[in-house]
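Only the coordinates and a few stated rules stand behind these numbers; no lab work does. Nothing here was measured: the structure is a model prediction, and the numbers come from that model. Don't worry about glycine lacking a Cβ; one is built from the backbone with ideal geometry, like all the others, and counts go over all protein chains shown.
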Amino acid sequence: DVKVTQSSRYLVKRTGEKVFLECVQDMDHENMFWYRQDPGLGLRLIYFSYDVKMKEKGDIPEGYSVSREKKERFSLILESASTNQTSMYLCASSGEGGHTEAFFGQGTRLTVV
Amino acid sequence: GESVGLHLPTLSVQEGDNSIINCAYSNSASDYFIWYKQESGKGPQFIIDIRSNMDKRQGQRVTVLLNKTVKHLSLQIAATQPGDSAVYFCAESFGNFNKFYFGSGTKLNVKP
């Protein structure tokens with residue numbers, strides 16, 4: 001069974017904290033993605049990576065950074081968490097090339113207080 | 001992708017009826033489309049995909065129709081079951097990195 005695993009299901013952090021969201025996939029996929037999901041807005045792409053140490057901005061990268069030091073792991077970093085970053089965060093991975101599905105993790109619900 | 005309103009469209013159907021969920025996509029260059037199903041508290045799950053060189057594809061109890069002229073995608077679910085209750089998203093992509101853009105979703109509510 002293919003697996004994308006996010007390290008936490010629920011997180012509560014304080015404003016100004018540095019937050020790390022971790023994602024691991026076991027499918028040897030080249031591409032990995034971070035989305036955030038908000039009611040009525042669907043999923044919006046924050047960052048993606050198509051190879052180790054490579055990263056590209058998505059549609060809403062402001063306030064976020066990412067790290068991909070190993071192929072199987074893709075981390076999302078909130079440098080200084082703010083209340084408007086309260087959201088559901090979804091990690092996904094897909095194989096090389098186009099026209100292949102993305103597999104999603106179960107999501108991390110982050111609340112910033 | 002584009003942002004849409006805050007209200008999630010809801011489709012209510014009777015168990016055993018057929019369901020049709022529609023989606024308008026935004027980019028005429030998109031060449032690959034997926035329908036995802038998301039149950040409460042879970043990540044999206046793949047249902048069916050279609051490439052832009054096709055206009056119809058069938059799976060088990062599901063059919064996806066693609067109309068490139070009007071940039072419209074639909075998902076048909078035959079004999080809808082209570083387990084089909086979920087939020088359904090269409091996603092479009094183009095290029096080589098499988099970077100998907102998602103619609104805002106439709107909630108399917110199956111009445112027993």
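Considering the stretch A:69-111 at the alpha-carbon level, its Rg and Dmax are found to be 13.1, 36 Å.
At 37 °C and a viscosity of 0.692 mPa s, what translational diffusion coefficient does Stokes-Einstein give for chain A, taking Rh as the Kirkwood radius over Cα pairs? Give it in µm²/s as a whole number.
D = 235 µm²/s.
The mean number of Cβ atoms from other chains found within 10 Å of a Cβ in peptide A:87-94 is 2, as a whole number. If you count Lys pairs in the stretch A:4-112 whose Cα atoms are under 20 Å apart, skipping same-chain pairs closer than 8 places in sequence, the total is 8.
Peptide A:34-42 has a mean shielding of 6, counted as Cβ atoms of other protein chains within 10 Å of each residue's Cβ.
Simple spin-label estimate for B:Ser26 and A:Thr111 gives 3.0 nm between the two label positions (7 Å along the Cα-to-Cβ direction from each Cα).
On the basis of the beta-carbon distance and an R0 of 22 Å, A:Arg73 and B:Lys71 show a calculated FRET efficiency of 0.05. Close amide H partners of B:Asn109, meaning residues 5 or more places away or on another chain with modelled amide H under 5 Å apart, are B:Leu11, B:Ser12, B:Val13. Using the Cβ-Cβ distance between A:Asp59 and B:Asn109 with R0 = 30 Å, the FRET efficiency computed as 1/(1 + (r/R0)^6) comes to roughly 0.50.
With θ taken as phi - 60° and the Karplus curve 6.51 cos²θ - 1.76 cosθ + 1.60 applied, the whole-hertz 3J(HN,Hα) list for the stretch A:50-63 is 10, 5, 4, 6, 9, 8, 9, 6, x, 7, 9, x, 4, x Hz, x standing for glycine and proline. Working from the Cα coordinates of the protein assembly as shown, the gyration tensor eigenvalues give, after taking √(5λ), semi-axes of 29, 20, 16 Å in decreasing order. Shape summary of the stretch B:16-94, radius of gyration then Dmax from alpha carbon positions: 12.3, 37 Å.
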